Amino acid sequence: MLATPGLTSITDPDEARRVHVEDALTGLALIAEGPVVDVGAGGGSPGLPLAAALPELRFVLLEASRRKASFLEAAAGVFPNVSVVCARAEDFGRGEGRDAFGTAIARALAPPPVALEWCLPLVRPGGRLVLFTTETAGRLEAVAEELGGRVSKSGEVPGPGRKRLLVVEKLEPTPERYPRRPGLARKRPLA
């Protein structure tokens, strides 16, 4: 394990494998098509484990922190199907990343309404967002609809904690007003 302060608080290798690799792979069957963007990729999970399991798909690890993006560039060097983009999700979703991906994934990114606003604009109609969360779908249905999607599946992840996988299908283009400028989704979430 690379020693890079701030990427994970887990120091036990077995626990790190369970949390960062095995938990990530619970989403494997939900990756419908590529390219895939891991929004807020941080230390590389779930993006890198999924990229290793799906070498035929192209993965983009999107990370706003230059320090974390530098770590990801070094870690992703052994994966020919992985690239790293250092940008805020709001900016990337208004520019070259808009409607560019078949699948978006996010884990521990932000509260789910905020994560939906940041991630769904990146997904093209017909694609999906797979969100690793602890929340149920209930209050997110209206947010998904506002952003051009529909919550299609929600299920628990095996293991300790209340972890869930939430799938949002992208039905139509996200309205141009989303994502809002940086900081606004956190300050005034849609839900």
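Show me the ranking of peptides 27-37, 169-179 by mean Cβ neighbours inside 10 Å, starting with the highest. Mind dumping the intermediate values first?
Numbers: 27-37: 17.8, 169-179: 16.2.
Ranking, from highest mean packing down: 27-37, 169-179.
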If you take the beta carbon distance between residue 66 and residue 32 as r and set R0 to 25 Å, what does 1/(1 + (r/R0)^6) give as a FRET efficiency, to the nearest 0.05?
0.20
Interchain or long-range residues, amide H under 5 Å from residue 149's placed H
171
³J(HN,Hα) computed for each position of the stretch 177-191 - Karplus, 6.51 cos²θ - 1.76 cosθ + 1.60, integer Hz, glycine/proline x
6, 10, x, 6, 4, x, x, 6, 5, 6, 6, 9, x, 5, 8
What per residue convex hull volume, in Å³, comes out for the stretch 113-191 when only alpha-carbon positions are used?
86 Å³
Residue (of 89, 151, 184) at the positive-pole extreme of the chain, dipole from beta-carbon charges:
184
Hey, what do the phi angles of the stretch 125-131 turn into as Karplus ³J(HN,Hα) couplings, whole Hz, using 6.51/-1.76/1.60 and θ = phi - 60°, x for Gly and Pro?
x, x, x, 8, 10, 10, 10
Per residue convex hull volume, Cα only, the stretch 60-123, in Å³ is 85 Å³
Per principal axis, largest first, the Cα atoms of the chain extend in Å by 41, 34, 34
Per residue solvent-accessible surface (Å²) - the chain, probe of 1.4 Å
46 Å²
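Once neighbouring chains are kept in place and the probe is 1.4 Å, which whole percent of the accessible area of the stretch 55-191 is contributed by carbon and sulfur? The partial results should precede the final answer.
Numbers: 3320 of 6420 Å².
Exposed carbon and sulfur together represent 52 percent of the surface.
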Sort out for me the Cα centre separation of the stretch 18-95 from the stretch 106-160, rounded to whole Å.
17 Å
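Add -39500 (n - 2.57) for each DSSP H run of 4 or more in the chain, then divide by its residues: what number comes out at 222 nm, to the nearest 500 deg cm²/dmol? Don't skip to the answer; put the middle values down first.
Details: 7 runs with 45 residues, N = 191.
It comes out at -5500 deg cm²/dmol, rounded to the nearest 500.
The values are calculated or read from the model by the stated rules, or taken from the named source; none is laboratory data. Please read all numbers here as calculations on a predicted model, not as lab measurements. Using ideal geometry, Cβ is built from the backbone for each residue, glycine included, and neighbour counts are taken over all protein chains shown. Areas reflect the complete protein model, heavy atoms only, side chains present, ligands, DNA and RNA absent. Shrake-Rupley method; radii C 1.70, N 1.55, O 1.52, S 1.80 Å.
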